[in-house]
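The structure appears right after this line, and notes come after that.
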Amino acid sequence: MKLFPESAIYQLEFDKIKVLLVAHCKTEYAKSKAENLRIHTKKEFIEPQLQQTHEYKLLLLNHLLFPDDTIINLNKEIKLLGIEGAVLSGDELLQIKKLTGNIRQLFRWFDTERKIAYPALALIIKETYFEKKIIELIDDVLDETGNVKDNASENLASIRLILYKIRNELRRIFNRLVSRLNKQGYLADIEESFMNGRRVLAVFAEQKRMVKGILHGESDSRRTSFIEPEETSELNNNIYSLEIEERREVHKILQSLTAKLSVYSELLKDYHDILGEFDFIKAKAKLAIDIGGNYPTLHDKAFLKLENAYHPLLYLYNKRSGKTTIPVTITLDDKNRILVISGPNAGGKTVTLKTVGLLQMMMQSGLLVSCSSDSEFGIFKQLMIHIGDTQSLEFELSTYSSHLKNMKYFMENSNGKTLFFIDELGSGSDPNLGGAFAEVIMDELAKKHSLGIVTTHYLNLKVMANKVPGIVNGAMAFDEKNLKPLYKLIIGKPGSSYTFSIAERIGLHPSLINKAKQLVDEDHFSLDKLLNRTEQDLQKIDEDKKKLAHLLNENERLKKEMETLMNTERHRQQVELLQHQNKISEEKLAGLRDLDRKLRYLVIEWRKTENKEEVIKMMQSLLFKQNEKQVQEKQQKKFDTNFVETGEEINLGDNVKMKNNRQVGIVKEIRGKKAIIQIGVMPINVDIADLVAVKEKVE
């Protein structure tokens with residue numbers, strides 16, 4: 001991306017983002033990439049980097065193990081591999097083995113399922129392969145501590161075997177000498193001592209002439225002399241010679257191993273870069289978690305739609321201070337290309353401008369941005385910015401001259417792929433003349449189809465935004481009652497500077513305020529006052545909307561609770577009905593089972609007894625009683641539906657119920673203890689004791 005001026009990186013504080021990123025890097029490779037972070041202009045470069053960071057962020061948030069924790073910086077060692085005749089030490093070769101082992105773990109981690117789940121991360125190892133021969137070559141020569149193995153060559157094995165035998169012989173002779181001389185009282189210390197790599201005796205200085213051998217030195221106090229006995233001199237000489245041969249053979253073996261590995265120098269460099277790349281992606285993911293960064297939608301055109309965006313540095317500062325950061329939502333597209341933000345000083349205009357510019361630079365650098373994942377970003381070829389006092393002492397330019405010089409560059413070089421930011425357009429000159437030039441500048445930028453944000457206090461620019469296609473107003477909300485900025489951007493309306501309101505609130509004398517009002521053009525003052533009142537009205541409308549939304553949500557909650565209660569009651573009633581029906585069915589089933597049991601008994605009796613008539617009577621009695629029971633139940637049900645017992649004395653004309661069969665009739669005649677009742681068209685003579693007085697139910 002082309003930046004104007006070059007200091008835009010510092011003005012938008014992109015350099016501070018890079019410092020935060022470097023702090024998360026562990027390898028020199030990753031730190032170098034972070035310090036030299038590029039701002040790309042091609043979607044095919046930006047999108048994979050965003051996707052990789054997003055995938056690694058998911059790994060961190062889900063606490064999934066990824067095999068890239070080992071940090072190895074092997075630039076020097078890998079360069080040596082490419083130089084003919086170079087020799088790597090055992091420790092350096094172990095680091096090469098460790099690097100290759102890490103790559104093996106990465107290839108094992110990226111199985112088929114993970115390649116599908118993390119396609120962007122899998123791309124990093126797509127163009128390489130794991131070479132197991134590297135580890136095999138090193139394991140053939142070195143042990144786990146980095147020492148060359150005895151069997152690395154026949155010559156080395158022979159040398160070390162001879163050394164082993166001679167050292168054992170030397171130890172035997174030396175121990176015998178120490179035992180003898182110690183008994184004679186010549187030794188100051190019976191512990192083993194070495195001087196110049198040779199085994200020596202620690203002899204009292206006054207006794208040194210009593211021990212034959214070579215004097216190698218004395219202690220600092222001169223009380224002890226270190227003597228190599230003549231009995232061990234030849235053995236020490238042999239050991240010294242063999243150790244030299246051993247070192248030569250080890251060097252030869254390491255040189256041969258280094259030469260064999262040199263053919264893999266480019267592959268090992270790729271391995272080294274891969275681990276560095278994963279470290280770099282991990283650092284970007286950690287930074288994203290710190291600033292609440294998300295993966296937005298990317299478009300290959302000039303477009304910007306920020307949803308709930310934060311300035312990442314302000315977000316971190318407020319998070320440490322326990323404060324809330326107010327998000328901003330902005331859309332710049334073909335219809336609304338230039339946003340003119342007005343409002344009081346210290347209300348958040350410049351912060352809003354910097355937020356948009358910094359997030360755009362971060363996104364085009366492959367960093368996740370601190371805004372909602374619903375946000376959408378386009379790609380711009382150049383970014384221009386003019387913030388604050390850019391007076392140039394070198395060229396003796398005034399503030400306004402410097403301002404116009406920058407605006408000249410903006411107008412001459414901007415195009416449909418330009419994103420620009422101008423803080424306090426037109427400031428530094430006579431308000432009327434500066435405002436006029438500001439209109440010309442903004443109109444020209446609109447014609448170039450550039451996208452950008454302008455902050456201003458000029459009323460003519462606020463009015464212009466409502467008349468020129470592609471330019472839209474925005475205002476930073478302000479609480480006039482408490483004299484506090486709300487740091488909230490309202491799109492679609494201009495904002496008041498609250499000049500006189502602020503003067504009144506801080507206690508400036510009313511006569512001075514009135515005098516200032518008289519000096520201001522009436523139309524100008526009326527418009528600012530109108531903007532002031534409109535903004536406060538809109539804030540009240542917003543509050544009312546919030547209250548209404550709360551009430552609607554509460555109403556919806558109560559409605560759902562009522563529906564839940566109704567459904568619960570309906571379910572309870574259905575359960576009770578089913579239970580009642582099941583009870584009736586169970587009673588019928590029990591009766592049928594009882595009847596079946598009795599019939600089976602009668603069948604058995606029929607087969608066993610000769611008196612068949614008795615069994616027939618029992619069967620008739622059983623069936624008759626069963627039918628009678630059913631009739632009685634039917635009659636009882638009919639009676640329960642239409643009549644109710646009164647328990648009163650029975651008289652002529654009363655409705656009565658027969659106790660034996662529950663039939664209901666009317667008393668026609670009473671003869672002592674007998675009564676004649678009429679059921680339908682048939683009169684029946686029954687005992688009064690078998691009757692119960694009833695009356696019809698009244699609904």
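The values are calculated or read from the model by the stated rules, or taken from the named source; none is laboratory data. The model shown is predicted, which means the values in this text are computed figures rather than measured ones. All Cβ positions, even for glycine, are placed from backbone atoms using ideal geometry, and neighbour counts span all protein chains on display. Note: areas computed on protein heavy atoms with side chains; ligands, DNA, RNA excluded. Shrake-Rupley method; radii C 1.70, N 1.55, O 1.52, S 1.80 Å.
Worth pointing out:
- Among the residues of the stretch 542-566, the ones that are open to solvent by less than 90 Å² (accessible area, probe 1.4 Å) and either modelled with pLDDT under 75 or in contact with a Cys (Cβ under 6 Å, 6 or more places away or on another chain) (or both) come to 2 in all.
- Among the residues of this structure, Glu245 does not count as one that is within 30 Å of Ile71 (Cβ to Cβ) and open to solvent by 60 Å² or more (accessible area, probe 1.4 Å).
- The residue that is most open to solvent (accessible area, probe 1.4 Å), among those in the stretch 182-215 that are assigned to a strand (DSSP E or B) and among the charged types (D, E, K, R), is Glu191.
- Search result, residues across the stretch 379-407 that are buried (at least 16 other Cβ atoms within 10 Å of the Cβ), of a type outside the set (Val, Ile, Thr) and at pLDDT 90 or above: Phe380, Gln382, Leu383, Met384, His386
- Filtering the stretch 89-116 to residues that are surrounded by fewer than 17 Cβ atoms within 10 Å (Cβ to Cβ) and β-branched (Val, Ile, Thr) leaves Thr112, Ile116.
- Qualifying residue in the stretch 210-232 (condition: of a type in the set (S, T, N, Q), out of contact with any Phe, Trp or Tyr (no Cβ under 8 Å at 6 or more places or on another chain) and within 30 Å of Ile253 (Cα to Cα)): no
- Summed over the stretch 364-378, residues that are crowded, with 24+ Cβ neighbours inside 10 Å and over 25 Å from Tyr409 (Cα atoms) total 5.
- Residue ID - least open to solvent (accessible area, probe 1.4 Å), chosen from residues in the stretch 422-469 that are at positive phi and modelled with pLDDT under 90: Gly426
- Across the stretch 133-154, the qualifying residues are those that are outside any helix (DSSP H, G or I) and β-branched (Val, Ile, Thr), and the one among them that is modelled with the highest pLDDT is Val148.
- Of the numbered criteria (1) at pLDDT 95 or above; (2) of a type outside the set (Phe, Trp, Tyr); (3) open to solvent by less than 50 Å² (accessible area, probe 1.4 Å), the one Pro119 fails is (3).
- Some residue of the stretch 79-88 being in a helix (DSSP H, G or I), open to solvent by 20 Å² or more (accessible area, probe 1.4 Å) and farther than 17 Å from Ile289 by Cβ: yes
- Tally of residues being among the polar types (S, T, N, Q) and outside any helix (DSSP H, G or I) across the stretch 50-77: 3
- Filter pass, Leu298 being in contact with a helix residue (DSSP H, G or I) (Cβ under 6 Å, 6 or more places away or on another chain), surrounded by fewer than 20 Cβ atoms within 10 Å (Cβ to Cβ) and modelled with pLDDT of 95 or more: yes
- All conditions in (1) without any contact (Cβ under 8 Å) to a residue 24 or more places away in the chain; (2) under 30 Å from Leu121 (Cβ atoms) hold for Phe194, with the sole exception of (2).
- Test for Glu55: is it open to solvent by 30 Å² or more (accessible area, probe 1.4 Å) and either in contact with a His (Cβ under 8 Å, 6 or more places away or on another chain) or not aliphatic (A, V, I, L, M) (or both): no
- Pick from the stretch 89-132, criterion assigned to a helix (DSSP H, G or I) and of a type in the set (Ser, Thr, Tyr), ranking: farthest from Asp270 (Cα to Cα): Thr112
- For Glu234, the criteria (1) part of a helix (DSSP H, G or I); (2) surrounded by 14 or more Cβ atoms within 10 Å (Cβ to Cβ) hold in every case but one, which is (2).
- Residue list for the stretch 30-40, filter: surrounded by fewer than 16 Cβ atoms within 10 Å (Cβ to Cβ) and outside any helix (DSSP H, G or I): Asn36, Arg38
So that you can scan it fast, the table gives a plain yes or no per residue for (1) out of contact with any Asp or Glu (no Cβ under 8 Å at 6 or more places or on another chain); (2) of a type outside the set (A, V, I, L, M, F, W, C); (3) touching a residue at least 24 places away in the same chain (Cβ under 8 Å):
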site: Asp91; (1), (2), (3): yes, yes, yes
site: Thr100; (1), (2), (3): no, yes, yes
site: Phe107; (1), (2), (3): yes, no, no
site: Lys115; (1), (2), (3): yes, yes, no
site: Ile124; (1), (2), (3): no, no, yes
site: Thr128; (1), (2), (3): no, yes, yes
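- Pairs where the first residue, in the stretch 459-488, is over 16 Å from Leu332 (Cα atoms) and the second is modelled with pLDDT under 80 and hydroxyl-bearing (Ser, Thr, Tyr), C-beta under 6 Å, 6+ apart: Phe478/Tyr498; Glu480/Ser501
- Applying the criterion of being in a loop (DSSP other than H, G, I, E, B) and open to solvent by less than 10 Å² (accessible area, probe 1.4 Å) to the residues of the stretch 320-350, the residue that is nearest to Gly474 (Cα to Cα) is Gly343.
- Restricting the stretch 284-317 to residues that are within 20 Å of Val22 (Cβ to Cβ) and of a type in the set (Val, Ile, Thr) leaves a set whose member that is farthest from the chain's Cα centre (by Cα) is Ile291.
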